Amino acid sequence: MNGEEFLRQFHDALDGKVPENLIQDNIKYYRSYIDSQTAAGRSESDVLRALGDPRLLAKTIEESSKFASQSKEQWDTEEPYETAGDSRRRRLPGWLVTCLLILVVLLVLSVVFRVFVFLAPYIILFMLAGFVIRAVRSWWQGK
């Protein structure tokens, strides 16, 4: 078998199973590969033997083409996580958002309570001082 027979069998094996532009791209690739290898000193029969059966190569391309089209269809029909502006942003589950919100509220209340406990003696002292000052003023004015 020579290079042209190899490429013809390859084309026939792919014909009708994948788009024509994909067939032509692959034929161009393999023709270029065969030419470059023979230019490098290898015999055409060695290059074709290394490539293997053209029908097996065609089957591999056919299967990868099917897989690629199925993946594209699945990608197109899936509900996207992201918004239109940012393709890397994802939504958090509702239960996680709720847990985080409760945690933040508890932390804020804890900080407020600790500040109040720290300041409570001073607040009580100022309130007591204000009460004493008012009591003394009212007693002084009552005389």
* Structure fact -> Taking every other residue with Cβ under 14 Å from the Cβ of Glu63 and scoring Lys and Arg +1, Asp and Glu -1, one gets +3
* Mean residue ellipticity at 222 nm from the helices of the chain, using -39,500 (n - 2.57) per DSSP H segment of n ≥ 4 over the full residue count, to the nearest 500 deg cm²/dmol? -> -27500 deg cm²/dmol
* **Angle between the chain longest axis and helix 3-14 axis [Cα atoms, degrees, rounded to 10]** => 50
* **Along principal axes, Cα extents of the chain, largest first, whole Å** => 129, 36, 21
* Förster radius 35 Å - calculated FRET efficiency between Gln70 and Cys99 (Cβ-Cβ, nearest 0.05) -> 0.40
* Structure fact -> Residue-normalised value, i.e. accessible area per residue, for the chain at 1.4 Å probe, in Å², stands at 84
* Taking Cα atoms, how many degrees apart are the long axis of helix 54-77 and the longest axis of the chain, rounded to 10 and kept between 0 and 90? -> 30
* Give, to the nearest whole percent, the P(r) tail of region 31-74 beyond 14 angstrom, counting all Cα pairs. => 60
* Could you check which residue among Leu109, Leu92, Leu22 shows the biggest mean-square fluctuation in a GNM of the chain with a 10 Å Cα cutoff? => Leu109
* Can you run phi through the Karplus equation (6.51, -1.76, 1.60; θ = phi - 60°) for region 98-103 and list ³J(HN,Hα) in whole Hz, with x for Gly and Pro? -> 4, 4, 5, 5, 4, 4
* To do: Report the one residue of Leu14, Ile124, Leu56 whose Cα lies farthest in the direction of the positive end of the charge dipole of the chain (charges on C-beta: Lys and Arg +1, Asp and Glu -1; origin at the Cα centre).
  => Ile124
* Proximal lysine pairs, the chain, alpha carbons under 22 Å, eight or more residues apart or interchain -> 7
* Each residue of region 106-118 in order: what ³J(HN,Hα) in whole Hz does its phi give by Karplus 6.51 cos²θ - 1.76 cosθ + 1.60, θ = phi - 60°, with x for Gly and Pro? -> 5, 5, 5, 4, 4, 5, 4, 5, 5, 5, 4, 5, 5
* How much accessible surface area, in Å² rounded to 10, belongs to the heavy atoms of Thr60 with a 1.4 Å probe? -> 80
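The values are calculated or read from the model by the stated rules, or taken from the named source; none is laboratory data. As the structure is a prediction and not an experimental result, all values here were calculated from the model. Please note: Cβ atoms are built from the backbone with ideal geometry, for glycine as well, and neighbour counts cover all protein chains shown. Protein only, heavy atoms only, side chains kept; ligands, DNA and RNA dropped before computing areas. Shrake-Rupley method; radii C 1.70, N 1.55, O 1.52, S 1.80 Å.
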